[in-house]
Amino acid sequence: MIYKTIAAISTPLGPGGIGIIRISGPGAYAILKRLFVRKRHSSKRANSDIFAGHFSSHLVYYGYVIESDTRNIIDEVLAIYMKGPKSFTREDVVEIHSHSGFVVLDRILSAVVDAGANLSGPGEFTKRAFLNGRIDITQAEAIIDLINAPCETAAQMASCQVAGGVREAVNNIIGTVTALQAKCEAFIEFSEAGENERDLFDVQGAVRKSVLPKLSSLIQRQKETAIFREGILLAIAGAPNVGKSSLLNKLVERETAIVSEFPGTTRDVVREYISINGVPVVVCDTAGIHDTKDPVECIGIAKARDQINRSDIVLVVLEATRSINRFEEKLIAETLNKKTTVVINKDDIADDCAISEIEKRLKTIRHIRVSAKLGTGIAELKDLIFKELVSGQNIVNGESVTPNLRQRKILEKAKQEIQRFNFAVETEQSLEFMSGMLNNVLQILEEISGNRNKEDLYNHIFDQFCIGK
Ligand SMILES: Nc1nc2c(ncn2[C@@H]2O[C@H](COP(=O)(O)OP(=O)(O)OP(=O)(O)O)[C@@H](O)[C@H]2O)c(=O)[nH]1
Ligand SMILES: [Mg+2]
């Protein structure tokens, strides 16, 4: 299919070494010829001693981008022409590598639009790659995941999917179900009367042995890897002055939050990002919770409570030098439905007697002793957080097949249909009915790679991209 020519800035805006403007579509080559001149020798204006000439595919050309009307040079650039179908979109693609900076990139993009291109929408380049058959929908989704990957493990998982990991795994299941459905059809056509029952149990056995476990393991994998893609929120909560901000600084290994000996220092929620064994964690320091009439502190405490409610994990910080107060007891009780760890801080200045008193009160509630000042116990705390996050799960490696949430929902639907199929076999439904059910399974599974025309689905997926991708 022929589409209009689109263009966009494909690199993040802001000062930087290199910015890329990408053009895709039937007019890309003509635009390059119009706006690019090869460098012969230095000149303020592009004139006869520099010329456009012919561009071979997949070669890098050094020269200038010019304004087509004034012939003024906009920037010194590298330009690459990639003749379709050997390009990301399978169309003719031009990339102009200029200096990065909003003004220069914007001037080049304007010149490209004046020369006949249309501004691209979010994800339009990837959508074309999909519509032109270069990638399937699972790979397009993996490209979004790769762009948005919050940590190395998530990026590794996404790049495995860009290479077609999920598609291959699902195609494998589709192949098995197709063969079983064909078997059903053959039984319908050719079986002797009375043989149906045995034939059906053969098919059911194959479904149980090879289809169900594969579906289940893909579903399970999505569940296990969700935290690596989406990350988790961790709130540090507690009374004023117990060392919450000091703990945040030690966890993120930077002096991010203000620490002072004055209670009530932190008011706003301070958020920092860390990776704990590959799991992206947003660590949130909060205001100290206590009884106060100070209106600003009250706002801070309300924000702290909101953050605690929204977090997956809460670290309730106590001070080792004194016993637990009623606010702290209440806070621990309120957060027990979360993955809570009590952190007994200021271990360096407390005596063992005071600490064992606190530990006695905590009973079986998970706790750990640290000194946010000296950094002792911090590595053990990170280990504890990680164990809590992945408890009961297999440790993932980024190179195996990991479906995303949309794909998991489809796999679950297919699994339900298979379970209905099993039930139908047991209740002795007809072979035609069974074959129809297997056909339903195939239709459901084909939604994963987008083989069925689902305009809404495509728009939803490509809308998640940034412009220029
Ligand atoms: N000795 C010792 N002092 C600590 C430790 N952690 C924090 N402190 C001190 O305790 C005081 C309060 O620390 P912060 O980290 O600001 O405490 P906070 O809980 O964030 O306090 P608010 O923001 O006011 O609620 C500071 O003087 C810190 O230097 C520790 O492990 N040992
Ligand atoms: Mg603080």
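The values are calculated or read from the model by the stated rules, or taken from the named source; none is laboratory data. None of these values were measured; they are calculated from a predicted model. Backbone-built Cβ (ideal geometry, glycine too); neighbour counts: all protein chains shown.
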For this session: Name every residue in region 385-400 that is at pLDDT 80 or above and crowded, with 18+ Cβ neighbours inside 10 Å, in order of residue number.
Result: Ile385
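Residue-wise test of (1) touching a residue at least 40 places away in the same chain (Cβ under 8 Å); (2) away from ligand 1 (no atom under 16 Å from the Cβ); (3) crowded, with 17+ Cβ neighbours inside 10 Å.
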residue: Gln204; (1), (2), (3): yes, yes, yes
residue: Ile219; (1), (2), (3): yes, yes, yes
residue: Gly231; (1), (2), (3): yes, yes, yes
residue: Leu234; (1), (2), (3): yes, no, yes
residue: Ser246; (1), (2), (3): yes, no, yes
residue: Asn249; (1), (2), (3): yes, no, yes
residue: Glu253; (1), (2), (3): no, no, no
residue: Tyr273; (1), (2), (3): yes, yes, no
For this session: Look at Ile236 and say whether it is closer than 19 Å to Lys339 by Cβ, within 10 Å of ligand 2 (Cβ to nearest atom) and part of a strand (DSSP E or B).
Result: yes
For this session: Of the conditions (1) surrounded by 19 or more Cβ atoms within 10 Å (Cβ to Cβ); (2) in a loop (DSSP other than H, G, I, E, B); (3) not β-branched (Val, Ile, Thr), Pro85 clears all except one; give me its number.
Result: (1)
For this session: Please verify whether region 366-389 includes one or more residues that are assigned to a strand (DSSP E or B), more than 16 Å from Lys244 (Cβ to Cβ) and more than 16 Å from ligand 1 (Cβ to nearest atom).
Result: no
Problem set entry | Criterion violated by Ala115 - all others in (1) surrounded by 18 or more Cβ atoms within 10 Å (Cβ to Cβ); (2) at pLDDT 95 or above; (3) more than 29 Å from the chain's Cα centre (by Cα) satisfied | (2)
Exercise. Here are some conditions: (1) near ligand 1 (Cβ under 8 Å from one of its atoms); (2) surrounded by fewer than 22 Cβ atoms within 10 Å (Cβ to Cβ); (3) β-branched (Val, Ile, Thr). Val242 meets all but one. Which one does it not meet?
Worked result: (2)
Exercise. Is there any pair with a first residue in region 281-292 that is more than 12 Å from ligand 1 (Cβ to nearest atom) and a second that is among the acidic types (Asp, Glu) whose Cβ atoms are under 6 Å apart and which are 6 or more apart or on different chains, and what are they?
Worked result: Val283/Glu272
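Residues that are modelled with pLDDT under 95 and farther than 20 Å from Asp92 by Cβ, at least 1 per element: which strands (runs of 3 or more DSSP E) completely within region 1-66 meet that?
Ranges flagged: 16-24, 60-66.
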Problem set entry | region 275-320, subset hydroxyl-bearing (Ser, Thr, Tyr) and either crowded, with 16+ Cβ neighbours inside 10 Å or not assigned by TED's automatic domain parsing to the domain that holds Lys373 (or both), residue nearest to Ala239 (Cα to Cα) | Thr286
Exercise. What number of residues in region 347-369 are at positive phi and touching a Lys or Arg at 6+ places or on another chain (Cβ under 9 Å)?
Worked result: 0
For this session: Count, please, the residues in region 260-298 that happen to be out of contact with any Pro (no Cβ under 9 Å at 6 or more places or on another chain), within 26 Å of Phe386 (Cα to Cα) and within 14 Å of ligand 2 (Cβ to nearest atom).
Result: 8
Exercise. Which number in (1) under 31 Å from the mean Cα position of the chain (by Cα); (2) surrounded by 15 or more Cβ atoms within 10 Å (Cβ to Cβ); (3) not assigned by TED's automatic domain parsing to the domain that holds Leu247 marks the one condition that Ser435 misses?
Worked result: (1)
For this session: Hey, can you tell me all the residues within region 345-365 that are touching a helix residue (DSSP H, G or I) at 6+ places or on another chain (Cβ under 7 Å) and more than 10 Å from ligand 1 (Cβ to nearest atom)?
Result: Ile365
Seminar exercise, completed: Every listed condition ((1) in contact with an Asp or Glu (Cβ under 7 Å, 6 or more places away or on another chain); (2) polar (S, T, N, Q); (3) more than 8 Å from ligand 1 (Cβ to nearest atom)) holds for Thr266 save (3)
Exercise. If the Cβ limit is 6 Å and pairs must be 6+ apart or interchain, which residue in region 403-420 that is more than 15 Å from Gly436 (Cα to Cα) pairs with which residue that is at pLDDT below 90 and among the acidic types (Asp, Glu)?
Worked result: Asn404/Glu141; Ile410/Glu447
Exercise. How many residues does region 300-349 hold that are closer than 17 Å to Thr266 by Cβ and among the aliphatic types (A, V, I, L, M)?
Worked result: 11
Exercise. Assuming Glu255 fulfils every condition listed in (1) under 16 Å from Val317 (Cβ atoms); (2) outside any helix (DSSP H, G or I) apart from one, which condition is it?
Worked result: (1)
